[in-house]
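Below you'll find the structure, written out as structure tokens, and then a few comments.
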Amino acid sequence: MAFLLLALIGFGVQTWRVSNWQDDYALLESKYKTDLAKAEALTEKAKADAIAKEKQWSEKLLKAEIQHREDIQQIIADSNSAKSAIDRLSKQIDTASSRMSTASRETIIEYASASGVVLEKCVNEYRTVAQRADEHAADAKRLNDAWP
């Protein structure tokens with residue numbers, strides 16, 4: 001009888017332990033499922049955020065490309081206008097040069113003086129253009145170096 005009592009007590013304890021393990025397992029399984037659901041939700045949110053950010057960058061890039069194209073068209077128009085002005089100036093210089101042989105001494109001195117002024121202005125303008133080009137190159141390098 002004592003043996004039976006001990007066996008029943010042992011069986012009861014084992015049953016209680018198994019039940020406790022099952023409860024712990026169920027609790028861990030539900031925690032795992034909850035954590036998994038949270039991780040999946042965070043993954044989906046990260047994907048959605050990445051898609052939104054990519055769309056934002058794509059729109060910004062498209063606007064920049066459109067603006068760049070417009071800027072290039074303006075640069076070409078300005079370049080063509082400058083070329084026309086240079087052509088007109090070249091024709092005026094050719095005309096003035098052809099008249100030099102018959103010009104008076106005062107006219108030649110005036111022409112040489114005016115040519116010196118024009119040359120000085122050209123040199124100053126070239127210097128300004130070179131400085132701006134160097135500044136632009138430095139800005140572009142800084143942006144390139146800072147880009148992630």
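Within the stretch 23-102, what is the number of lysine pairs with alpha carbons under 13 Å apart, leaving out pairs fewer than eight places apart on the same chain? Going through the stretch 23-102 pair by pair, I get 4. The C-alpha atoms of the chain occupy a region whose extents along the principal axes are 148, 24, 12 Å, arranged from largest to smallest.
Residue-wise HN-Hα couplings along the stretch 93-99, as the Karplus relation 6.51 cos²θ - 1.76 cosθ + 1.60 with θ = phi - 60° gives them from phi, are 5, 4, 5, 5, 5, 5, 8 Hz; Gly and Pro carry x. In the chain, helices alone account for a calculated mean residue ellipticity at 222 nm of -36000 deg cm²/dmol, with every DSSP H run of four or more residues adding -39,500 (n - 2.57). For SER98 and GLN74, a Förster radius of 30 Å and the Cβ-Cβ distance give a FRET efficiency of 0.25, rounded to the nearest 0.05.
Measuring r between the beta carbons of ALA146 and LYS55 and using R0 = 30 Å, the FRET efficiency lands at 0.80.
Full extension of the chain between GLU106 and SER19 gives 19.3 nm of extra length, using 0.36 nm per residue less the Cα-Cα distance. Over every Cα atom in the stretch 104-148, the radius of gyration and the widest Cα-Cα span, Dmax, amount to 19.5, 67 Å. Couplings for the stretch 34-49, taken from phi via the Karplus curve 6.51 cos²θ - 1.76 cosθ + 1.60 with θ = phi - 60°, read 5, 4, 5, 5, 5, 5, 5, 5, 5, 5, 5, 5, 4, 5, 5, 5 Hz in order; Gly and Pro are left as x.
No value in this document is a laboratory result; all are computed from the given coordinates. Since the model is a prediction, treat every value here as computed from it, not as a measurement. Cβ coordinates were reconstructed from backbone atoms using ideal geometry, including for glycine residues, and neighbour counts include every protein chain displayed.
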